[in-house]
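To keep things clear, I will list the structure first and then write my remarks on it.
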Amino acid sequence: MSEDMEAFQAALKFTLKWEGGAGHPADLAGNVYNGISQGSYDTYRRNQKLPLQDVTKISDAEVEKLYYDMFWLPCQANTMVLPLAVTHFDTAVNFNVKGSFEFLQEAIGGLTVDGNFGPRSQAALAQNNNLATAQRYCQGRMDYRYQRVKANPSQAVFLDGWLLRDQDLLNYINQLAGVTTPTPIPTPTPLPSINTAENQQLIAKVEQAMGLMQEVLTALKNRQ
């Protein structure tokens, strides 16, 4: 087995650990199986000149080939050291290829975060193709999870699972790099909690103001 395929298998092992089986009904990607959306599977089958079928019927061989052809190579994970390649590939699966480049640009730093991985980004990667970049990458994913739930509360059902996956990824790449002591990273700031007492006070003040306004309107009507 080539070095590239060994790296791919290490990455796929982690991803399928978290993507195995059918997707959650609330997943915005729709019908998903082994982390592969129906749309991605349709594209793969068309490229192979095969009739379309439900993604739940995908074979193990197809899963491997689809991930290699449509994610591993397009996201350029084959150009990266193992810890970064694993992190980048899993992100491409989780966020699509362009999204993975955005995370990578942010982790490298000093780049325009636009998902367009041109010569400047490639040169920056050459100088930052290492475990430290992969570790910052994992932190960036954790930070984003909170932002996503804040923007779309319906996705809160996934938050704990997302964070467990990101932490597991960090531990996995550290192990691949031979790091025996986990690298401490800042804990993402939790979403702000709702202070019930303060809310009740605000509601009471609004109701009081509305009552005064109603009295003024009534007084004005009686003058007419």
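Rule-based calculations on the coordinates, nothing more; no lab input. These numbers come from a predicted model, not from an experiment. Heads up, the Cβs are rebuilt from the backbone with ideal geometry, glycines too, and the neighbour counts pull from every protein chain shown.
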Inset, instruction - Just the ratio, please: alpha-carbon radius of gyration of the range 108-173 over 2.2 N^0.38 Å, N its number of residues. - result: 1.31
Legend entry - Placed amide H near VAL32: partners under 5 Å, 5+ positions off or other chain: GLY23
Legend entry - Net length gained if the chain between ALA132 and ALA151 were fully extended (0.36 nm per residue, minus Cα distance): 3.9 nm
Inset, instruction - Rank these for me by crowding, TRP72, TRP162, going from fewest to most other beta carbons within 10 Å. - result: TRP162, TRP72
Legend entry - Cα-Cα pairs of the range 3-193 separated by more than 30 Å (percent): 19 percent
Inset, instruction - Obtain the nm distance between the two label points defined at LEU73 and ASN116 by a simple spin-label model: each point lies 7 Å from its Cα along the Cα-to-C-beta direction. - result: 2.5 nm
Legend entry - Among 128-139, 37-48, the order from most to least packed when residues are scored by Cβ within 10 Å on average: 128-139, 37-48
